[in-house]
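Visitor: I'd like to ask some things about the structure below.
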Amino acid sequence: VLKPYAKGTGIILDEIITLDMLEDVNEELGHRLSLNHLAENTLDVEKSADGLISLQWYKDGEIDKIIEYCKQDVEITRDLFLYGEDNGYVKYKTRSGKTKECNVAWERESVIQRWKRAKSISHSEKC
């Protein structure tokens, strides 16, 4: 997603440690859940909108709404990560409505080590 924006800046995105929290949850549960679903069930907060509405706001020149939406999205992402890091799980609801815990390994050192392993594997596959 960021590659077009990094072109010509000198920023090497492959060197930035990243964690796809939703992919982690998908791997643990075997199905995808949205950021909003996890935020509602773990943090008892709801996103103010979804990304598609921001396209309409852009067309309508409502840039302030986009800024606020993005700020809130980043805050929710941060808070969900910190909750998972501190507690070792995030919460979700099953299709039957039961609240359950999804185990996550988001301690910073664990995330760094997994990122390094993944980069090492990726690099060896290129050679």
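The values are calculated or read from the model by the stated rules, or taken from the named source; none is laboratory data. All values derive from a computational prediction rather than experimental measurement. Ideal geometry is used to build each Cβ from the backbone, glycine not excepted, and the neighbour counts take in all protein chains shown. Side chains are part of the model used for accessible areas, which takes the heavy atoms of the whole protein and leaves out ligands, DNA and RNA. Shrake-Rupley method; radii C 1.70, N 1.55, O 1.52, S 1.80 Å.
Visitor: Evaluate the distance, in nm, between pseudo-label points positioned 7 Å from the Cα of Ala105 and of Leu29 along their respective Cα→Cβ axes.
Guide: Simple spin-label model gives 2.0 nm for this pair.
Visitor: Quick check on region 61-114: what does the Kirkwood estimate of hydrodynamic radius come out to from the alpha carbon pairs, in Å? Display every interim value, and only then the final one.
Guide: Values: mean 1/r = 0.0761 Å⁻¹.
The answer is 13.1 Å.
Visitor: Find how much the distance from Glu85 to Leu52 grows on full extension, using 0.36 nm per residue of separation minus their present alpha carbon separation; answer in nm with one decimal.
Guide: Result for the pair: 9.0 nm of gain on full extension.
Visitor: Pairs of Cα atoms under 8 Å, at least six residues apart: use those to get the relative contact order of the chain, whole percent.
Guide: Here the relative contact order equals 22 percent.
Visitor: Right, something else. Normalised by the residues of region 9-72, what does the relative contact order come to in percent, with Cα pairs under 8 Å and at least six apart?
Guide: 17 percent
Visitor: Counting only helical runs of four or more DSSP H residues, what would the 222 nm mean residue ellipticity of the chain come to if each run contributes -39,500 (n - 2.57) and the total is spread over all its residues?
Guide: Counting only the DSSP helices, I get -18500 deg cm²/dmol.
Visitor: Shifting gears a bit: Cα convex hull of the chain: how many Å³ per residue?
Guide: 145 Å³
Visitor: Largest first, how would Tyr69, Tyr83 line up by accessible area (1.4 Å probe)?
Guide: The residues order as Tyr83, Tyr69, largest area first.
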